[in-house]
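The structure appears below as structure tokens.
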Amino acid sequence: MPKDAENGILKKTYIIQKGMDELMGYDAIPYDRRMKENIRNYSLSNLYDMEVIKKYLKNFAEMLEINILLTDRHGEKEIVIGDSFLGFHPDVVSEPGRKLRVQGRTVGHLYINHLNGQRDVRLTDEMVDGTVELLARLGQEAYLHRESSIYLEELENKLGSKQRLTEDHEREDVLTGVFNKLYFESKMSVIDRSEVVPVAVLNVNINDWKYANDNFGDEESDRLIRIIADILKEEAGSYFIIGRIDGDVFGVLIPMAEDGEAEDYASRIQDRCFTFEDPYLAPSVAVGIVYKTNIEETLEEKLSDAEYEMFNNKFEIKNADGYRERLEKNKR
């Protein structure tokens with residue numbers, strides 16, 4: 001290995017370790033304050049297995065002869081059962097429907113439409129209210145478990161204990177083996193506090209994951225996510241920080257990125273996807289790249305900027321010659 005490259009890796013390793021040392025020394029946020037505030041960072045997909053919830057709501061809607069719409073806290077549609085809500089744009093401020101609340105904060109909104117005027121509306125509404133209460137309790141349990149695990153880990157680090165309080169799955173995304181969203185966000189906080197610049201920030205989104213799910217099913221769409229995660233890991237440097245931050249979205253951080261390093265990485269992973277041969281899947285990713293160059297900026301802000309750049313790249317890729325043909329050629 002060239003001496004300059006070796007020195008660069010040693011420098012990055014030192015800086016990241018410095019950040020970890022700093023994390024172990026800071027005063028932990030009081031537990032009750034943390035539990036009250038951190039729910040703001042959770043989406044429905046952080047709290048629930050959305051595929052399981054969708055199956056449950058579908059059966060529930062058929063039984064009661066209703067249509068159901070579940071949105072996130074901002075009104076973005078997450079699950080739609082039936083066609084009554086086509087063209088409907090939820091106003092969660094004026095008409096919030098039934099609020100799904102976890103830890104005292106709204107995380108979602110549930111709307112229903114009755115299809116059979118002969119049914120007992122009062123009984124149906126009571127059953128729907130009961131379902132909302134059940135979802136709230138399940139979300140509360142998931143939230144308390146995850147936040148408690150992370151809080152205990154930070155306290156353990158602060159005391160300098162060598163014993164790990166949590167299993168690897170509390171840090172890793174079970175499906176892919178990269179960091180889960182919460183641990184990835186904690187890594188971002190560490191780097192922010194360490195005042196490391198520059199940091200390359202990449203948002204990597206799987207193109208047409210929903211197409212794979214609709215046409216090939218859950219197992220194949222999950223396999224597509226694992227394929228992309230493996231490519232991200234195989235092409236990354238040892239100091240890269242990779243996390244799955246949403247169902248089909250990954251975040252990548254490159255502390256002290258060299259000129260062109262992030263761009264070369266993006267090019268490699270996109271080339272690997274394009275040349276990947278598979279009986280059904282046609283892996284493809286859109287990548288947005290930005291840089292944190294000012295210590296006053298936060299990586300959370302830069303990750304949002306990278307998402308915007310990712311959408312620009314996605315538009316170019318999906319409108320390129322041959323993209324649709326490659327995607328659909330293996331359709332069953």
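Results for (1) in contact with a helix residue (DSSP H, G or I) (Cβ under 7 Å, 6 or more places away or on another chain); (2) of a type in the set (Asp, Glu); (3) modelled with pLDDT under 95, shown as yes or no for each residue.
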{"site": "Ile150", "(1), (2), (3)": "yes, no, yes"}
{"site": "His169", "(1), (2), (3)": "no, no, yes"}
{"site": "Asp192", "(1), (2), (3)": "yes, yes, yes"}
{"site": "Glu195", "(1), (2), (3)": "no, yes, yes"}
{"site": "Asn203", "(1), (2), (3)": "yes, no, no"}
Report task. Give me the pairs, please: first residue somewhere in the range 59-76 and farther than 17 Å from Ser45 by Cβ, second residue anywhere and hydroxyl-bearing (Ser, Thr, Tyr), beta-carbon distance under 7 Å, and either six or more positions apart or on two chains. Result -> Phe60/Thr131; Leu64/Thr124; Ile66/Thr124; Asn67/Ser84
Requested in this report: Scan the range 110-148 for residues that are assigned to a helix (DSSP H, G or I), out of contact with any helix residue (DSSP H, G or I) (no Cβ under 9 Å at 6 or more places or on another chain) and open to solvent by less than 40 Å² (accessible area, probe 1.4 Å) and report the count.
Outcome: 3
Requested in this report: Would you check which residues across the range 175-196 are over 25 Å from Leu224 (Cβ atoms) and either surrounded by fewer than 19 Cβ atoms within 10 Å (Cβ to Cβ) or acidic (Asp, Glu) (or both) and list them?
Outcome: Ser186, Ser189, Asp192, Arg193, Glu195
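Within the range 93-106, how many residues turn out to be more than 23 Å from the chain's Cα centre (by Cα) and under 21 Å from Ser45 (Cα atoms)? Break it down into steps so the answer makes sense when it comes.
Of all residues in the range 93-106, those more than 23 Å from the chain's Cα centre (by Cα) come to 93-98.
Narrowing further to those that are under 21 Å from Ser45 (Cα atoms): 96-98.
Residues in the range 93-106 being more than 23 Å from the chain's Cα centre (by Cα) and under 21 Å from Ser45 (Cα atoms): 3 in total.
The values are calculated or read from the model by the stated rules, or taken from the named source; none is laboratory data. For clarity, every value in this text was computed on a predicted model and none was experimentally measured. So basically every Cβ, Gly included, is an ideal-geometry build from the backbone, and we count neighbours across all protein chains shown. Quick note on the areas: whole protein, heavy atoms, side chains included, nothing else; ligands and nucleic acids left out. Shrake-Rupley method; radii C 1.70, N 1.55, O 1.52, S 1.80 Å.
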